[in-house]
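Below: the structure, in structure tokens.
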Amino acid sequence: MRSLFVLLLAAVISGCDVDSFLIDNLLVDTTSKALPTDVKLHPGQSVLLPHEGYTITFERVTQDSRCPIGVECIWAGDGAAKLEVKDKTGAVREDTLHTTLNPQSVQLQQINIRLKTLDPYPVYDVPRDTSKYVVTLRISRAENDSL
């Protein structure tokens, strides 16, 4: 709870609109919520893990060659989501996680992040709106990465 208060106070002091800050950024207080947990993010949205010291941002889908509904394909295809992970020191790393190919997950010091789903699934002859993508990330302790 104290982490949420500090986060909100920082948003107010910096001049951010608190409501839009909480809409664009999800807060998972893992001091009171057990991991693993699933988090859904839209492009540009972040999840904050203050106890672990990470901010994970879903940047964008870099490719989506998944076989569309309504088409017969030889291969299921692959979707790839680019994530930005910032630690408490401000160091930033970028990772691209895949739906079919590797890597499907990335392990940080004590946290594992796995791309669980990429929605919506493509449909034949329906244009893709990249702003509508949603990733579901499974965030777990590195030693406890269960499905």
*Only one of (1) within 16 Å of the chain's Cα centre (by Cα); (2) at pLDDT 95 or above fails for D78. Which number is that?*
(1)
_Pairs needed: first member in the range 75-90, within 12 Å of E59 (Cα to Cα); second member anywhere, aromatic (F, W, Y) and modelled with pLDDT of 95 or more; C-beta distance under 7 Å; at least 6 residues apart or different chains._
A81/F58; L83/F58
*asked:* Can you tell me which of (1) open to solvent by 70 Å² or more (accessible area, probe 1.4 Å); (2) in a loop (DSSP other than H, G, I, E, B); (3) modelled with pLDDT of 90 or more is the one H51 doesn't meet?
replied: (3)
*Within the range 29-37, is even one residue at pLDDT 85 or above, surrounded by 14 or more Cβ atoms within 10 Å (Cβ to Cβ) and closer than 27 Å to P120 by Cβ?*
yes
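Can you tell which of E94, E59 is without any contact (Cβ under 8 Å) to a residue 40 or more places away in the chain, open to solvent by 30 Å² or more (accessible area, probe 1.4 Å) and in contact with a Pro (Cβ under 9 Å, 6 or more places away or on another chain)?
Details: E94 fails: in contact with a Pro (Cβ under 9 Å, 6 or more places away or on another chain).
Result: E59 is the single residue among E94, E59 that is without any contact (Cβ under 8 Å) to a residue 40 or more places away in the chain, open to solvent by 30 Å² or more (accessible area, probe 1.4 Å) and in contact with a Pro (Cβ under 9 Å, 6 or more places away or on another chain).
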*Being more than 22 Å from P50 (Cα to Cα), of a type outside the set (V, I, T) and in a strand (DSSP E or B) narrows it down to one of L83, L137, L118, L101, so name that one.*
L118
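The values are calculated or read from the model by the stated rules, or taken from the named source; none is laboratory data. Just so we're clear, the structure is a prediction, and the values are computed from it rather than from any experiment. Every residue, glycine as well, gets a Cβ built from its backbone with ideal geometry; the counts of neighbours run over all protein chains shown. Remember, those area values only see protein heavy atoms, side chains included, never the ligands or the DNA or RNA. Shrake-Rupley method; radii C 1.70, N 1.55, O 1.52, S 1.80 Å.
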